[in-house]
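Reading through the structure tokens given below for one structure.
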Amino acid sequence: MTTIAPLHHVESWVFDLDNTLYPASCDLFSQVDRRMGEFICRELALDSVAARALQKQYFREHGTTLRGLMTVHGIDPAAFLDYVHDIDLTPVAVSAALDDALGRLEGRKLIFTNGSVAHAERILEKLGVARHFDDMVDIVASDYVPKPDPATYDRMIARFGIAPGRSAMVEDIARNLTPARALGMTTVWLRGGGEDWASPDDGDDPADHVIDDLEGWLTGVADARERMAIT
């Protein structure tokens, strides 16, 4: 049996949303990706090939496609977010295992996402775990400055009153953990998607823990903390 550390020092649990709380195999991003392309075609009067090239260029240069569209073209972010998150959530199923694991895990649970509050709320309700989360910071509350910009982490920590040394952050994109680790947070990389862009950059090692199964790992942490409490 693999031994899982109890992380007894953690009082605040910070979770990414997409491809973290639900499996990357749900492939919701393919829907979002397609709708981003449609939005760019419509708003900038481009064909699909040019729109996709611009979409990926802005993602590389600005951290998110939205940030690039706002900076270069003055696109209304609310219109963009509403459009790209109008997706079919059928692939996301209620997770009794995640519900149980979060219920047993002591401490505040928070969402930190480059998506929107509305999108996060839909996902949490679909998973059946909304009741476990105390609050969230989305891209709007981050002033549209996405992870992994360090200023966004500073804003999140100040808003929630987080003590970094007594917190943990769980993410599927490894580079988004680098600023968290620099602040002293315990970092957990969920390597569920197998995408190159989600893996650590060359020479970077931002994760204190690397996991493949969120529900199983959280259950193990809760088990270890409960055993420690009775010894």
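The values are calculated or read from the model by the stated rules, or taken from the named source; none is laboratory data. Small disclaimer: the values here were computed from a predicted structure and weren't measured. Note that each Cβ is placed from the backbone with ideal geometry, even for glycine, and that neighbours are counted across all protein chains shown. What goes into the accessible areas is simple: the full protein's heavy atoms, side chains included, and nothing from ligands, DNA or RNA. Shrake-Rupley method; radii C 1.70, N 1.55, O 1.52, S 1.80 Å.
At a glance:
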{"quantity": "Per-region count, the stretch 90-124, residues open to solvent by 10 Å² or more (accessible area, probe 1.4 Å) and more than 16 Å from the chain's Cα centre (by Cα)", "calculated": "14"}
{"quantity": "Some residue of the stretch 12-30 being hydroxyl-bearing (S, T, Y), touching a Ser or Thr at 6+ places or on another chain (Cβ under 8 Å) and either modelled with pLDDT of 95 or more or under 30 Å from L105 (Cα atoms) (or both)", "calculated": "yes"}
{"quantity": "Filter result (in contact (Cβ under 8 Å) with a residue 24 or more places away in the chain and either of a type in the set (A, V, I, L, M, F, W, C) or over 18 Å from T71 (Cα atoms) (or both)) within the stretch 33-61", "calculated": "R35, M36, E38, F39, I40, L44"}
{"quantity": "Search result, residues across the stretch 167-184 that are open to solvent by less than 20 Å² (accessible area, probe 1.4 Å) and assigned to a loop (DSSP other than H, G, I, E, B)", "calculated": "D172"}
{"quantity": "Options M36, M70; residue that is touching a Ser or Thr at 6+ places or on another chain (Cβ under 6 Å) and either open to solvent by less than 20 Å² (accessible area, probe 1.4 Å) or not aromatic (F, W, Y) (or both)", "calculated": "M36"}
{"quantity": "Filter pass, H62 being open to solvent by 50 Å² or more (accessible area, probe 1.4 Å), in contact with a strand residue (DSSP E or B) (Cβ under 9 Å, 6 or more places away or on another chain), modelled with pLDDT under 95 and not aliphatic (A, V, I, L, M)", "calculated": "no"}
